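Asker: Dropping a structure here in structure tokens format, bear with me for questions.
The values are calculated or read from the model by the stated rules, or taken from the named source; none is laboratory data. Given the structure is predicted, the values throughout are model-derived calculations rather than measurements. Here the Cβ positions follow ideal geometry from the backbone for every residue, glycine too, while neighbour counts run over all protein chains shown. These area figures cover heavy atoms from the full protein model, side chains too; ligands, DNA and RNA do not enter into them. Shrake-Rupley method; radii C 1.70, N 1.55, O 1.52, S 1.80 Å.
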Amino acid sequence: MINEVIKRNGITYGVMIGITSALFTATIYAIDLNLFTAWWMGIIGLAISVTISIILLSKTKKELNGVFPFKDAFTTYFIAAVIGILISTSFNIILFNVIDPGAKDTLSEIMIKYTVNMMQKFGAPASSINEAVAKMKVSNPYSTIELLKGSAFAIVISSIFGLIFAAFFKSKSTQE
């Protein structure tokens with residue numbers, strides 16, 4: 001059985017992460033689709049998620065009176081991460097496949113232009129640029145299937161973060 005504090009905090013903060021991510025995406029969508037290619041927006045999103053995760057683990061450890069084994073710390077983070085990713089992915093599926101399917105095409109064009117500019121800056125040969133553009137034109141990163149694949153990848157990456165956070169937040173052993 002999972003401790004009630006771990007379960008409650010994981011679910012609560014997972015919902016917070018998911019809603020925050022959905023609001024972040026909606027804000028970018030409403031302001032300017034070009035912001036989806038801004039590296040600093042990714043950093044802001046990551047910083048928000050990491051901050052919420054640190055608050056989650058700190059609060060949970062405090063509520064457990066400092067007794068926070070590695071497994072419990074990881075479980076708390078993992079529950080929150082999975083719930084947050086599922087809410088965020090669900091929002092993206094609804095936004096890009098139901099509310100505004102045309103935004104997918106616009107975003108694809110923006111991503112292609114961004115990729116071409118970056119490849120040109122790094123001196124990539126024209127054949128490599130053309131090959132990358134051709135691959136991007138046949139892919140649809142905002143389709144339901146691709147968004148679900150992306151969420152699976154995000155869960156794997158989040159698990160790595162979870163292992164690091166759990167190692168940092170776990171209570172120190174009292175045995176010598």
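Asker: State the volume of the convex hull built on the alpha-carbon positions of region 1-114, expressed per residue in Å³ and rounded to an integer.
Answerer: About 106 Å³ per residue, rounded to a whole number.
Asker: Sticking with this structure for a sec: So, R0 is 45 Å and r is the distance between the beta-carbons of Asp100 and Asn3; what FRET efficiency does that work out to, to 0.05?
Answerer: Efficiency at R0 = 45 Å is approximately 0.60.
Asker: Measure nothing but the geometry: give the 0 to 90° angle between the long axis through the Cα atoms of 126-138 and the longest principal axis through the Cα atoms of the chain, rounded to 10°.
Answerer: 70
Asker: What is the gain in length, in nm to one decimal, between Asn34 and Ser58 on full extension, counting 0.36 nm per residue of separation less the C-alpha to C-alpha distance?
Answerer: 5.1 nm
Asker: In percent, how large is the relative contact order of region 1-91, given Cα pairs closer than 8 Å and 6 or more residues apart?
Answerer: Over region 1-91, the number comes to 60 percent.
Asker: If you count only protein heavy atoms with a 1.4 Å probe, what accessible area per residue comes out for the chain, rounded to a whole Å²?
Answerer: Result: 60 Å² per residue.
Asker: According to a simple spin-label model (label point 7 Å from Cα along Cα-to-Cβ), what is the distance in nm between Phe153 and Ser139?
Answerer: That separation, rounded to one decimal, is 0.6 nm.
Asker: On a 0 to 90 degree scale, rounded to 10, what angle separates helix 70-94 from the longest Cα axis of the chain?
Answerer: Orientation of helix 70-94: about 30 degrees from the principal axis.
Asker: Next question, about the same structure. Within the chain, how many Lys pairs sit with Cα atoms under 15 Å apart, leaving out pairs fewer than 8 places apart on the same chain?
Answerer: 17
Asker: Same structure, new question: How far apart, in nm, are two points set 7 Å out from the Cα along the Cα-to-Cβ line at Asn65 and at Thr51?
Answerer: 3.3
Asker: Just to verify a number: FRET efficiency for Thr27 and Ala126, C-beta to C-beta distance, R0 = 41 Å, to 0.05?
Answerer: Once rounded, the FRET efficiency stands at 0.65.
Asker: Okay, next question. Angle check, please: helix 4-31 long axis (alpha carbons) against the longest principal axis of the chain (alpha carbons), in degrees 0 to 90, nearest 10.
Answerer: 20
Asker: Cα-based Rg of region 47-173 per 2.2 N^0.38 Å, rounded to two decimals?
Answerer: 1.43
Asker: Note down the nm distance, to one decimal, between modelled labels 7 Å out along Cα→Cβ at Ser171 and at Asn117.
Answerer: So the two model labels end up 5.2 nm from each other.
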